[in-house]
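One structure below.
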């Protein structure tokens with residue numbers, strides 16, 4: 001079983017236990033384990049096969065009992081305890097948890113009282129007014145459930161980070177313009193830079209919270225206001241995505257920002273640490289805690305003082321996933337994370353020479369506007385007819401055009417150099433699609449898979465490794481081929497591919513296109529841990545797409561990536577020396 005499949009089983013167990021109203025800590029233990037498994041860099045089946053349950057227990061967050069359950073899943077692909085829990089309920093019951101506003105307790109209520117176990121049965125019961133007599137429910141509850149069922153049907157999926165982040169920034173900018181707002185920011189998974197985002201969390205601090213909430217509730221950005229109070233507003237954005245604004249006093253700003261940014265696992269770990277220090281930590285601040293009662297406030301105005309109160313330096317939002325960041329902070333080992341300003345250029349862009357939508361000169365002008373030291377133009381190779389791939393003659397003409405542009409840039413004293421690369425197809429037999437006599441024209445080669453996705457994992461893995469070992473490839477492009485929320489990654493043993501790339505000295509691309517974000521954060525960290533190299537590129541087909549670099553940087557930051565690991569943080573001289581050494 002893959003990590004994702006194991007995590008899905010553990011998460012389902014947590015949901016089922018929640019419906020049973022089991023002990024809260026028991027539920028949280030399964031949720032925590034699911035998160036640990038999903039985010040682990042190695043497949044746990046391989047970890048177990050190599051070292052048994054002891055190797056699993058060595059993973060932070062996996063205890064003896066959980067290790068035994070993971071071992072059972074690794075060996076059999078099933079878990080008896082999971083089957084036992086599921087056998088108590090119809091298989092469609094868990095679908096109800098995806099409806100906004102229906103938590104495990106309400107799901108348990110409608111199931112035990114009315115036998116409702118599917119979305120269709122829930123809709124029918126609400127339409128027939130059979131929910132309003134249940135404890136804690138009424139006519140308004142029925143109306144809300146019908147509305148939320150429709151919302152779920154229209155917008156059940158999370159949004160891509162590239163779709164939600166610009167909107168979050170626009171809403172925050174609006175809040176900051178409101179009279180009385182001292183500070184505002186977005187929080188949650190958007191601030192942590194996750195590749196997809198569910199509900200959007202906004203925070204503001206003000207001495208006049210009711211005025212701020214009233215103004216936001218009337219905002220034209222909201223399609224619907226769900227609830228509006230003096231300190232919180234909940235609404236829906238066009239398309240159905242929920243947004244929640246909380247307005248806190250200045251003395252709680254840092255505590256609230258920390259609380260609503262960190263993952264559940266990170267926040268639990270931080271609160272546990274606080275408890276060991278006789279402190280309690282929540283969204284209002286850090287307080288002394290004696291005799292089971294909160295005492296004087298210790299911190300809360302800034303995130304820095306919240307972390308300092310529990311003996312830690314400030315932890316960057318992207319790291320707050322409970323993947324070892326608290327221990328690293330305690331030991332002074334937090335990485336110096338990559339920043340957008342560290343990047344000196346982009347090595348994967350397309351122009352009208354293949355399937356891009358801007359000329360070479362237009363892409364160069366966009367790179368100059370962004371202060372790049374270099375821009376790598378990497379058109380498609382001959383076999384990709386659908387993308388107007390370049391044959392030998394056209395590539396030679398492209399080389400001449402770039403040489404002329406570089407000469408012009410030097411004459412004008414502009415500090416930009418255009419490099420000529422290619423995005424060569426990795427063909428089904430593992431060969432790299434380079435037209436005869438063209439390798440000498442190129443500054444570097446990106447190799448990517450664009451066709452033949454249906455091959456089984458063993459064949460696809462060997463196909464890519466063969467290309468990596470050929471000596472022709474400098475950068476492996478979008479390694480898994482996934483399109484977020486549209487196309488799954490092709491079958492591939494990714495750890496083997498990354499190990500081969502590291503061994504061959506090939507840089508692995510973090511493709512920053514918002515629909516790709518490929519390589520992901522977990523495996524970017526793995527490449528760095530193994531001593532490999534990364535390259536963050538936009539795969540831009542328009543000048544504006546060069547701004548997508550920031551999404552790749554967020555992936556890298558979530559993967560603990562430091563600047564020297566990323567080849568396009570290097571000065572042009574160092575990059576050229578590395579490429580020259582590879583060609584020898």
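The values are calculated or read from the model by the stated rules, or taken from the named source; none is laboratory data. All values derive from a computational prediction rather than experimental measurement. FYI the Cβ positions are ideal-geometry reconstructions off the backbone, even for glycines, and counts take in every protein chain you see.
Filter the stretch 320-340 down to residues that are surrounded by fewer than 17 Cβ atoms within 10 Å (Cβ to Cβ) and under 20 Å from the mean Cα position of the chain (by Cα) and give me whichever is farthest from residue 562 (Cα to Cα). Here the answer is 324. Counting the residues of the stretch 527-540 that are part of a helix (DSSP H, G or I) and in contact with a helix residue (DSSP H, G or I) (Cβ under 8 Å, 6 or more places away or on another chain) gives 2. Inspection of the stretch 139-149 identifies at least one residue that is modelled with pLDDT under 90, under 30 Å from residue 517 (Cβ atoms) and assigned by TED's automatic domain parsing to the domain that holds residue 103.
Among helices (runs of 4 or more DSSP H) entirely within the stretch 1-82, having at least 2 residues that are farther than 28 Å from residue 492 by Cβ and touching a residue at least 60 places away in the same chain (Cβ under 8 Å) singles out 3-19, 24-38.
Residue-wise test of (1) outside the structural domain of residue 449 (by TED's automatic domain parsing); (2) under 20 Å from residue 457 (Cβ atoms); (3) in a helix (DSSP H, G or I); (4) under 16 Å from the mean Cα position of the chain (by Cα).
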{"site": "485", "(1), (2), (3), (4)": "no, no, no, yes"}
{"site": "491", "(1), (2), (3), (4)": "no, yes, no, no"}
{"site": "508", "(1), (2), (3), (4)": "no, yes, no, no"}
{"site": "515", "(1), (2), (3), (4)": "no, no, no, yes"}
{"site": "525", "(1), (2), (3), (4)": "no, no, yes, yes"}
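Please verify whether residue 539 is closer than 21 Å to residue 372 by Cβ, surrounded by fewer than 22 Cβ atoms within 10 Å (Cβ to Cβ) and modelled with pLDDT of 95 or more, treating the condition exactly as stated.
Working: closer than 21 Å to residue 372 by Cβ: yes; surrounded by fewer than 22 Cβ atoms within 10 Å (Cβ to Cβ): no; modelled with pLDDT of 95 or more: yes.
No.
With respect to residue 300, is the statement that it is surrounded by 20 or more Cβ atoms within 10 Å (Cβ to Cβ), over 23 Å from residue 101 (Cβ atoms) and in contact with a helix residue (DSSP H, G or I) (Cβ under 9 Å, 6 or more places away or on another chain) true? Steps first, please.
Values: surrounded by 20 or more Cβ atoms within 10 Å (Cβ to Cβ): yes; over 23 Å from residue 101 (Cβ atoms): yes; in contact with a helix residue (DSSP H, G or I) (Cβ under 9 Å, 6 or more places away or on another chain): yes.
Yes.
Scanning the stretch 355-371 for residues that are closer than 21 Å to residue 388 by Cα, surrounded by 16 or more Cβ atoms within 10 Å (Cβ to Cβ) and modelled with pLDDT of 95 or more gives 360, 363, 364.
Please state which one of 95, 120 is without any contact (Cβ under 8 Å) to a residue 40 or more places away in the chain and in contact with a helix residue (DSSP H, G or I) (Cβ under 6 Å, 6 or more places away or on another chain). The match here is 95.
From the list 145, 182, the lone residue that is outside any helix (DSSP H, G or I) and more than 22 Å from the chain's Cα centre (by Cα) is 182. Check the stretch 307-319 and report whether any residue there is buried (at least 17 other Cβ atoms within 10 Å of the Cβ), more than 30 Å from residue 286 (Cα to Cα) and under 23 Å from the mean Cα position of the chain (by Cα). Checked against the condition, which is being buried (at least 17 other Cβ atoms within 10 Å of the Cβ), more than 30 Å from residue 286 (Cα to Cα) and under 23 Å from the mean Cα position of the chain (by Cα), the stretch 307-319 yields no hits at all. Checking each residue in the stretch 410-441 for being closer than 30 Å to residue 369 by Cβ and either in contact with a helix residue (DSSP H, G or I) (Cβ under 7 Å, 6 or more places away or on another chain) or touching a residue at least 24 places away in the same chain (Cβ under 8 Å) (or both) picks out 414, 415, 416, 417, 418, 419, 420, 421, 422, 423, 424, 441.
Which one of 218, 293, 242, 264 is assigned by TED's automatic domain parsing to the domain that holds residue 185, loosely packed, with under 15 Cβ neighbours inside 10 Å and modelled with pLDDT under 95? Quick ask: steps written out before the conclusion?
Details: 293 fails: assigned by TED's automatic domain parsing to the domain that holds residue 185; 242 fails: loosely packed, with under 15 Cβ neighbours inside 10 Å; 264 fails: assigned by TED's automatic domain parsing to the domain that holds residue 185.
Step by step, each of 218, 293, 242, 264 is checked, and only 218 is assigned by TED's automatic domain parsing to the domain that holds residue 185, loosely packed, with under 15 Cβ neighbours inside 10 Å and modelled with pLDDT under 95.
In the stretch 315-334 there is no residue matching the filter, namely being in a strand (DSSP E or B) and either within 21 Å of residue 554 (Cβ to Cβ) or not assigned by TED's automatic domain parsing to the domain that holds residue 386 (or both). Picking from residues in the stretch 551-569 that are surrounded by fewer than 20 Cβ atoms within 10 Å (Cβ to Cβ) and touching a residue at least 60 places away in the same chain (Cβ under 8 Å), the one that is farthest from the chain's Cα centre (by Cα) is 563.
For (1) assigned by TED's automatic domain parsing to the domain that holds residue 530; (2) surrounded by fewer than 14 Cβ atoms within 10 Å (Cβ to Cβ); (3) modelled with pLDDT under 90; (4) over 30 Å from the mean Cα position of the chain (by Cα), each residue gets a yes or a no:
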position: 17; (1), (2), (3), (4): no, no, no, no
position: 24; (1), (2), (3), (4): no, yes, yes, no
position: 39; (1), (2), (3), (4): no, no, yes, no
position: 75; (1), (2), (3), (4): no, yes, no, no
position: 80; (1), (2), (3), (4): no, yes, no, yes
position: 100; (1), (2), (3), (4): no, no, yes, no
position: 127; (1), (2), (3), (4): no, yes, no, yes
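Has the stretch 343-357 got at least one residue that is free of Cβ contacts under 8 Å to residues at least 40 places away in the same chain and not in a loop (DSSP other than H, G, I, E, B)? Within the stretch 343-357, none of the residues are free of Cβ contacts under 8 Å to residues at least 40 places away in the same chain and not in a loop (DSSP other than H, G, I, E, B). The set of residues in the stretch 189-239 that are in a strand (DSSP E or B), touching a residue at least 40 places away in the same chain (Cβ under 8 Å) and within 25 Å of the chain's Cα centre (by Cα) comprises 196, 200, 201, 202, 203, 204, 236.
Scanning the stretch 374-390 turns up no residue that is over 29 Å from residue 522 (Cβ atoms), out of contact with any strand residue (DSSP E or B) (no Cβ under 8 Å at 6 or more places or on another chain), surrounded by fewer than 22 Cβ atoms within 10 Å (Cβ to Cβ) and touching a residue at least 60 places away in the same chain (Cβ under 8 Å).
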